[in-house]
Amino acid sequence: MYVLFLAYANDTEHPLDELKDEDDQVYRSLIPGALQNHYLIHRESFASLNKIREFLILYRDHIFLFSFSGHADRDKLILDEDAQIGGMAKLLGRCPNLKMVFLNGCSTQGQVKSLLDAGVPCVIATSSPVGDKMAKTFGISFFQALSTGDSFSDSFEAATGAIMLLDKNKKVYRGEYSKVDHADAQTASWGLFTHATSDLSFTLPAAKPILEVPDFDPNSILIKRLIEALTGQSDELDFLIQKEKSGKLVSESKKRMAILNSLPAPIAEHLRKLMVPIQDENDGYDKLGKERLGQLVRTYEVTTELTAFTLMAQLWEAKILHTDLRIPEDQAIVIRDFLMRSVDQRQTYDYIGLVRAVRSILDDEFNKTLVNYFVPELEIIKELPYQNEEFMSATFFLQTLRQRMAAGGMSEQEEMTLCIRGEECLGEIFSRLGFLAKYQLAAVNNIDIQKYRHTAKPSFKHNIVRLIDLLGGLEQSEITLERFTDNRSVLLLREDEGLSELNLTPFILDKNAFEKDTDVSNIYFYSHYDRVSGVYYYYYVNNPNEEFLTVSTTEYAVIKAQMDAFRSMFEV
């Protein structure tokens, strides 16, 4: 699959006619080849920095040509936020099948060296300001020639001929960048700059690509990264690894189950669908294609949701204990908007932004003297997206993939190739999350007070259902704490020097905790809110396609009361 990425930095409110005309005519020239499935056209008529960045990360393996038209300068492309050439060059240099970058804006020659140094084979750029009409003529003529089968080199010649018809004094430059005559290059309006080894005989793809099924060993990358991350964190997995090192045979199925039993149940359940698919229920999750791609995304989504809910529970507990905890308006708006999001917004919601907002409150210079992270590793890894390029790229890829899948319309080849990269990215994320093995979820069904004459203080016996051992069933047990937590709540448990807990309700609820004499759990995550009816909706975490659970004044009223109380903290 080859992609032609056409970005036009036009303004939605005050569009430039010349730029719109260039956009329309270039697209019209290229559409016949796209209709024959020779290539895909990704057209951004109102390009923004985020849109360009998202697409370059998501489709880096498939981009054949990148074209930008609009205002620019020697070191940046001018969008809603300026795209600095250092970052653009890095993103474009990571596209292994990219053949050309075409910068049809003013004075873009200053960007050429960075692009060529990053590995781009050839670049078309300008040495001086160019008028809108000239830029339009050059761009249209170049792509018209390409669409008829001309090479990059011949198409450049055709475009230069077209502008010379309008102005015979216009000059162009072409050549290997290391041998550029800078005096000649600076007097030319357009230049074609290359590496010594660049092949300018390339043409646009002119045949429908053969649907190839890549070599694929499902879950091999994911399992490898999880084993590396969980080693030293999971007793069960450590035992199997030591057994294998001693020369004894350990089956892959046992390793998979040890991995799953090490992780909090909502995450483990969705990993199970990828790693231990059950026939009929999860058909296709172990094969390249749409079903597996969706499950990779779903596993990432549940992981980020659980992280966000943990931090919000921490925030609420901190606010109850410290009424002077400061909540800046910007962060309050992010959290409130999340709590009041619609069902449509849920599909593409960026949980990383929510995590950053809550963490920003907890990390405030004043607040951090009051708060100790219940999951201290979240504080340790908080700068990871900024310090580790692979982790940042992985999270951004999976978030962008969520949005792309919600939009629909992917080809079969896209789905297969994105599956492989999706597993790589999920593996990268889990490679940093081995600490999750220290935590498990439990649902509180009942609380009994324990107080005897010989004890100075009462203790509280909690009847709970631990969400562990996915295929072996849930574990009903009791824990005794020096304080009582809330009834009908879902706890995040940590066992280190002692047992401690964080209440994740009302963001996560156990439907069965509201039933009498139950010894099983039915976990739901917060989904969305209906502003008209005032109803909160939750989804069944094991199967998001099931009917939503409604939380209102008549159904699960205690949960609604808690959500309303939490939301009131962020009214601005």
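The length gained by stretching the chain between residue 342 and residue 287 to full extension, at 0.36 nm per residue less their Cα-Cα distance, is 16.5 nm.
Note that the stretch 1-144 shows a convex hull volume over its alpha carbon atoms of 94 Å³ per residue. Enter the accessible area of residue 164 (Å², nearest 10), with the probe set to 1.4 Å and all protein chains included. Accessible area, nearest 10 Å²: 80 Å². Averaged over residues, the count of other Cβ atoms within 10 Å places the peptides 267-275, 7-15, 499-507 in the sequence 267-275, 499-507, 7-15, highest first. Taking θ as phi - 60° and the Karplus parameters 6.51, -1.76 and 1.60, the scalar couplings of the stretch 52-57 work out to 5, 4, 4, 5, 5, 6 Hz in sequence order, x denoting glycine and proline.
Three semi-axes describe the equivalent ellipsoid of the stretch 252-359; taken as square roots of 5 times the Cα gyration tensor eigenvalues and ordered largest first, they are 34, 18, 9 Å. When all protein chains stay in place and ligands, DNA and RNA are ignored, the 1.4 Å accessible-area order of 511, 51, 560, 290, largest first, is 290, 51, 511, 560. A full extension of the chain between residue 317 and residue 514 corresponds to an added length of 68.6 nm, given 0.36 nm per residue minus the alpha carbon distance.
Across the stretch 520-565, Cα-Cα distances exceeding 14 Å account for 48% of all pairs. Accessible surface of residue 316, taken over heavy atoms with a 1.4 Å probe and every protein chain present, rounds to 40 Å².
Overall, the stretch 209-273 carries a charge dipole of about 200 debye about its Cα centre when +1 sits on the Cβ of Lys and Arg and -1 on the Cβ of Asp and Glu, all other atoms neutral. Quick check on my link table: of 224/248; 51/224; 287/511; 290/511; 319/511, which ones sit more than 23 Å apart, alpha carbon to alpha carbon? Exceeds cut-off: 51/224; 287/511; 290/511; 319/511. Working note: Karplus 6.51/-1.76/1.60 with θ = phi - 60° gives the stretch 561-566 the couplings 4, 5, 5, 4, 5, 5 Hz, where Gly and Pro are set to x.
Pairwise alpha-carbon distances in the stretch 262-321 exceed 20 Å for 39% of all pairs. Full extension of the chain between residue 216 and residue 557 yields a length gain of 117.9 nm, computed as 0.36 nm times the residue separation minus the alpha carbon distance. Phi-derived couplings, Karplus 6.51 cos²θ - 1.76 cosθ + 1.60 at θ = phi - 60°, listed residue by residue for the stretch 85-101: 5, x, x, 4, 4, 5, 5, 5, x, 8, 9, x, 9, 6, 9, 7, 10 Hz, with x used for Gly and Pro. Normalised by residue count, the stretch 278-436 yields a Cα convex hull volume of 136 Å³ per residue. Kirkwood analysis of the Cα pair distances in the stretch 333-374 returns a hydrodynamic radius of 11.6 Å.
Taking every protein chain into account, the accessible area of the stretch 255-370 amounts to 38 square angstrom per residue (probe 1.4 Å).
The values are calculated or read from the model by the stated rules, or taken from the named source; none is laboratory data. Every value quoted in this text rests on a predicted model; they were computed, and no experiment measured them. Backbone-built Cβ (ideal geometry, glycine too); neighbour counts: all protein chains shown. Note: areas computed on protein heavy atoms with side chains; ligands, DNA, RNA excluded. Shrake-Rupley method; radii C 1.70, N 1.55, O 1.52, S 1.80 Å.
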